[in-house]
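Chemist: Pasting a structure below so you can have a look.
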Amino acid sequence: MGKTAAGIFLAFFYSILSNAAIYGEDNRKDIHVFGDVIKNTAYAVAVNVPSFFLVPDEEYEGFFKHQYYDDKVYGQKNGLCKEEKFYSQTSFGHCTSFLIHESLMVTAGHCFLPAGKVENELHDYCNNFSFWFGYNSYHNKKLGRKIDPRDIAHCKNVIYAENNESENPIIDFAILELSQPIRHIKPLNLGFDYSRDQKVFALGHPHGLPLKHSGYSKILNEQETSFSANLDTLSGNSGGPVLNSSLDVLGVLVEGHSNDYFDTKICSKINTCSKNGLDCLNPSGIDSSNYMVKSAEWLPFLNAYLKNL
């Protein structure tokens, strides 16, 4: 697919992404600054990338590269002010996803569904997107080059996906079957304790950046299918896991503040709100927290899959 066609294709998908914001101090950190426990857990998290961007790397036989690995850095591509965090890093990808079984991934439904649901279908998303594990500054020092083919997974089937973000209760997740099992990465465990004031954090790829830890926040509210927290996440974190201190996945991140950026007329800043989610640089009609769809919502599909093995 040519660059023009790729741009049109991506424009559709980016148009249905959810945004978010930074709450108080920006607590996002690269994964390599953490210990082995967090780094090993994070390896089960992937960035969702259009498959046509991943091509054989002619310099490293048997490996792949992102064909725009030497494109402009993140800050340049997004017109950011130079003091913005991670300005000089690479920026690939569209959403985040994570492994819950050697053959199953979870992501956000809105990463490919503007609305509605699909079940047991070879959706166009499966034909056009891949999942790249290990996209971070620790595992891959030549970011975008020499990508181990074992770290690229392909979608075989949409087991179930739904996006009803505009409704209540929120249902927004997708559970995807892979074409080949991933056996060198340990899947994430699921948790179901949503007690208020419990500390949680997100793992994901904000704006397509190498994998980031969001920093910690407390669970603020629990609803029927979702819970909320003020985590430092942005568009691109959608579909990523939100975990507790035991490293169990409590939910998939699906929704946040409506504005990612604040325009200074010279450059753009990342939208920042107070710690309680108010007083934002770029306020929405109603300033808001992040929302996560509970892991209990996709558990029945996981159990049904395991039962049929």
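The values are calculated or read from the model by the stated rules, or taken from the named source; none is laboratory data. What you are looking at is a predicted structure, and each value in this text was computed from that prediction instead of being measured. As a convention, Cβ positions derive from the backbone with ideal geometry for all residues, glycine included, and neighbour counts pool all protein chains shown.
Chemist: Which one of these is touching a residue at least 40 places away in the same chain (Cβ under 8 Å), touching an Asp or Glu at 6+ places or on another chain (Cβ under 7 Å) and under 18 Å from ALA174 (Cα atoms): HIS94, HIS101, HIS110?
Modeler: HIS110
Chemist: While we're on this one: Between a residue in region 36-65 that is under 21 Å from ASN237 (Cα atoms) and among the charged types (D, E, K, R) and any residue that is surrounded by fewer than 16 Cβ atoms within 10 Å (Cβ to Cβ) and modelled with pLDDT under 95, which pairs come within a Cβ distance under 8 Å, given they are 6 or more apart or on different chains?
Modeler: LYS39/HIS32
Chemist: Another question, then. Only residues in region 206-218 that are at positive phi count as the first member; pair them with residues that are of a type in the set (A, V, I, L, M) and not in a strand (DSSP E or B), Cβ under 8 angstrom, at least 6 apart or cross-chain, and list the lot.
Modeler: HIS207/LEU234; GLY215/LEU231
Chemist: Polar (S, T, N, Q) and either buried (at least 24 other Cβ atoms within 10 Å of the Cβ) or in contact with a strand residue (DSSP E or B) (Cβ under 9 Å, 6 or more places away or on another chain) (or both): is that true of ASN221 in this structure?
Modeler: Against the criterion (polar (S, T, N, Q) and either buried (at least 24 other Cβ atoms within 10 Å of the Cβ) or in contact with a strand residue (DSSP E or B) (Cβ under 9 Å, 6 or more places away or on another chain) (or both)), ASN221 qualifies.
Chemist: Listed residues GLN76, GLN89; which is polar (S, T, N, Q), without any contact (Cβ under 8 Å) to a residue 12 or more places away in the chain and not assigned by TED's automatic domain parsing to the domain that holds THR233?
Modeler: Answer to the selection: GLN76.
Chemist: List the strands (runs of 3 or more DSSP E) that sit entirely inside region 79-171 and contain at least 1 residues that are over 23 Å from SER295 (Cβ atoms).
Modeler: Counting at least 1 such residues, we get 129-133, 152-163.
Chemist: Restricting to region 251-283, what's the tally of residues that are under 26 Å from LYS199 (Cα atoms) and either of a type outside the set (D, E, K, R) or more than 23 Å from the chain's Cα centre (by Cα) (or both)?
Modeler: The qualifying residues number 20.
Chemist: Shifting gears a bit: Let me confirm something: among ALA202, ALA229, which residue is outside the structural domain of GLU83 (by TED's automatic domain parsing), over 11 Å from the mean Cα position of the chain (by Cα), among the hydrophobic types (A, V, I, L, M, F, W, C) and buried (at least 21 other Cβ atoms within 10 Å of the Cβ)?
Modeler: Exactly one residue qualifies, and that residue is ALA229.
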